[in-house]
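The values are calculated or read from the model by the stated rules, or taken from the named source; none is laboratory data. Owing to the predicted nature of the structure, the values given are computational and were not obtained by experimental measurement. Note that we place each Cβ from the backbone using ideal geometry, even for glycine, and neighbour counts take in every protein chain shown. Quick note on the areas: whole protein, heavy atoms, side chains included, nothing else; ligands and nucleic acids left out. Shrake-Rupley method; radii C 1.70, N 1.55, O 1.52, S 1.80 Å.
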Amino acid sequence: MTSSAAAEWLIHVNPLSGPSYKVGLMLALCGITPSCHIVDLRAGEQRTSEFLAKTPFGQVPVLEHAGRSLAQSASILEYVASVTGRFGAVGEADRADVRAWMYWDFDRLASSVYRVRTARLGIRPMDPAVVTHYEGLAAMALDLLEGRLTGRDWIVGDAPTIADIDVYGSVRYCGEAQIDLSTRPAITAWIARLEALPGWAPPAALLVATA
Ligand SMILES: N[C@@H](CCC(=O)N[C@@H](CS)C(=O)NCC(=O)O)C(=O)O
C-alpha cells in the first residue's frame, strides 16, 4: 500500500502528545494521509460522551478505520501494520519480540521521558526531586536501548518494525525533556536511520487539524 484516501482513516490526536505522534508517524511511513481531529485535552474533550463512545480510556490517540474505533498507540501500530502489511515482524518469535519492546517502552521509557518532558515544558508542575527520579529511570531505559542497538540497525530483526516506530516516538521527546543523547552513539545513529525512512516527518507536520 502506498497511499490511501484520507476519508478512510481518521485520527483523534493532540499535537503535544507523544503517543499521538507514534500513530501519525506510523501512518505517514505507510504512505497514508489521515483526516486529523485535534482533541482539546485542556478543555476536557476527552471526557465527553461523544469521545468516550470512541474509546473507554478517554485518551488520545484514537484511530477510526473501517467502521471501528481503536485506542492505545501500540495496539494501533499493530493494527496498521496488519492492515497495510508494513513494518510488522516476520515470524511468531519476532512478532512477540516486537510486542515485548513496545510493552517495555510504555513501562520504562515513555513513562519516564514523557514525564520529564512534561515538567521541563511546564505543562505540569513537578517537584524537582520527582523530576530527578524520572530522569534516572529515563537514563536507565536509554542505556538499555543503547545496548540493544549497539551492533545492529533495528530493534528487532534486520528491518524497521513497529517496535522502532513506537520506541522512536518516545526517544523523539528527549530533546524537549533536556535529556542528552550525545553520549549514546548507537541510539543517535538509529535515530538518523529512522528519520531517513520515506514519509518520516516531525510531530508538527503530522498532528495538524484537517477534520
Ligand atoms: N498508553 C496510551 C497513553 C495515551 C495517553 O497518555 N494519552 C494522553 C495524552 S499523551 C491523554 O490523552 N491524556 C488525557 C487524559 O488522560 O485525560 C497510548 O499509548 O495510547
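Among the residues of segment 16-48, those identified as outside any helix (DSSP H, G or I), buried (at least 19 other Cβ atoms within 10 Å of the Cβ) and away from the ligand (no atom under 14 Å from the Cβ) are CYS30, ILE32, PRO34, CYS36.
With the condition kept exactly as written, say whether any residue in segment 115-132 is under 30 Å from LEU10 (Cβ atoms), open to solvent by less than 60 Å² (accessible area, probe 1.4 Å) and not assigned by TED's automatic domain parsing to the domain that holds SER35.
Yes - at least one qualifying residue is present in segment 115-132.
Filtering segment 50-58 for residues that are part of a loop (DSSP other than H, G, I, E, B) and among the aromatic types (Phe, Trp, Tyr) leaves a non-empty set. Tally the residues that are touching a Phe, Trp or Tyr at 6+ places or on another chain (Cβ under 7 Å), in the same structural domain as ALA159 (by TED's automatic domain parsing) and open to solvent by 20 Å² or more (accessible area, probe 1.4 Å), restricting the search to segment 73-114. Looking only at that region, the number is 1.
Of all residues in segment 72-87, those being more than 11 Å from the ligand (Cβ to nearest atom), among the hydrophobic types (A, V, I, L, M, F, W, C) and under 25 Å from ASP107 (Cα atoms) number 3.
The residues of segment 107-136 that are part of a helix (DSSP H, G or I) and in contact (Cβ under 8 Å) with a residue 60 or more places away in the chain, listed by number, are LEU109, ALA110, VAL113, TYR114, VAL116, ARG117. Please specify each residue of segment 143-173 satisfying the condition of being basic (Lys, Arg) and closer than 13 Å to GLU195 by Cα. ARG172, the sole residue that qualifies.
Across segment 58-71, the qualifying residues are those that are surrounded by fewer than 19 Cβ atoms within 10 Å (Cβ to Cβ) and near the ligand (Cβ under 9 Å from one of its atoms), and the one among them that is nearest to LEU10 (Cα to Cα) is ALA71. Against the definition (hydroxyl-bearing (Ser, Thr, Tyr) and within 10 Å of the ligand (Cβ to nearest atom)), how does THR55 come out, yes or no? Yes; evaluated as a whole, the condition is true for this residue.
Filtered by the rule that a residue be over 26 Å from ALA96 (Cβ atoms) and touching a Phe, Trp or Tyr at 6+ places or on another chain (Cβ under 7 Å), segment 115-158 gives ARG115, VAL116, ARG117.
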